[in-house]
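The next block holds one structure in the form of structure tokens; read it before the comments.
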Amino acid sequence: MYKWKLEFVLKCGKELTVYYEGAESNSGAVATKMLTGNENTINGFGNEDGTKNIFVKIGEIASVSISKA
């Protein structure tokens, strides 16, 4: 399992940092899994210590940076 840090800038200008843990071994695979779908698709992520769920609607994302956590 790999842990990934995703830093979003939402269309409203808010910056949001979330984490994803999965079998994907590169950032392209993470983007494909977590950021594809129609604009109303909602994907779940976690906070840094894994104590919260954070849900993000794909259509609200303006940009994203993906790096290993």
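The values are calculated or read from the model by the stated rules, or taken from the named source; none is laboratory data. Here the structure is a predicted model, which is why all the values come from computation and not from measurement. Backbone-built Cβ (ideal geometry, glycine too); neighbour counts: all protein chains shown. Quick note on the areas: whole protein, heavy atoms, side chains included, nothing else; ligands and nucleic acids left out. Shrake-Rupley method; radii C 1.70, N 1.55, O 1.52, S 1.80 Å.
Annotation: Phe55 fulfils all but one of (1) part of a strand (DSSP E or B); (2) open to solvent by less than 80 Å² (accessible area, probe 1.4 Å); the unmet one is (2).
Considering segment 1-48, the residues that are crowded, with 16+ Cβ neighbours inside 10 Å and β-branched (Val, Ile, Thr) include one that is farthest from the chain's Cα centre (by Cα), namely Val30. Of the residues making up segment 58-69, just one is hydrophobic (A, V, I, L, M, F, W, C), surrounded by 14 or more Cβ atoms within 10 Å (Cβ to Cβ) and outside any strand (DSSP E or B), namely Ile58. In segment 51-68, the residues that are closer than 17 Å to Ser27 by Cβ reach residues that are among the acidic types (Asp, Glu) and in a strand (DSSP E or B) with C-beta atoms within less than 9 angstrom, at least six apart or across chains, in these pairs: Ser63/Glu7; Val64/Glu7; Ser65/Glu7; Ile66/Glu7; Ser67/Glu7.
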